[in-house]
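What follows is one structure encoded as structure tokens, with my remarks underneath.
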Amino acid sequence: MNSTGKRLWLIDGGYFFNACRSVARDYQFDYLKLRTKLEEDGPIWRAYYLNSVPNASMDAVSNDGFHNWLQAAPPRGPKIIVKLYQLKDVPADSAYCEECGRKVHLVCPNAEREIPREHRILNKQQKGVDVGIATLALIHRTNYDTLMLSSGDGDFIDMIEYLSESGKRIELVVFSEAVSTDIQARADHIYWINDFAEEIRRYK
């Protein structure tokens, strides 16, 4: 398969981190090898990696070895622009029990044994990544012909339909699990990473 025109690649880093386990529990891939593999079908005009992290300060990219390496140009790195967003704390004091069909309250087991007893239960939640991906796809829409998306999130369906109906080619670069069938059905081509996982494996 040979793509034509300029290609924009947008990566949800959280999706990649979780979905790569569909290959094996300890599987890791190399972003430079993956980009090289994708560019067998033509050059990528620009690539962005978006993720939520505990510290999304201005220095977070330059002071972190992995994020700094992502931005390095070949042959040293994959030349991927990094955009980081702050993880948000959200209350997790209740959850839905599928079996019972009702909400149940969550309590820290140490709350009864310690004083004071107020133990706040929180979840870390990714914020900003989906909006960031959609924004990049739309603000650059006059600069590319093909959108390459690395995310399995069905919330992108409206964005994908708009771009597809505007004449953009849609390609998915995804693992075999956790990919919405809504976006699968609208993709012009899907790179199933599991099919070439060994070619891009990262060796420690």
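Taking the listed residues Leu136, Leu147, the one that is at pLDDT 95 or above, touching a strand residue (DSSP E or B) at 6+ places or on another chain (Cβ under 9 Å) and in a strand (DSSP E or B) is Leu147, with no other qualifying.
Where helices (runs of 4 or more DSSP H) fall wholly inside the range 1-101, the ranges with 3 or more residues that are over 16 Å from the mean Cα position of the chain (by Cα) and at pLDDT 95 or above are 31-38.
The values are calculated or read from the model by the stated rules, or taken from the named source; none is laboratory data. Remember, predicted model here, so these are calculated numbers, not experimental data. Methodologically, a virtual Cβ is constructed for each residue, glycine included, from the backbone with ideal geometry; neighbour enumeration extends over all protein chains shown.
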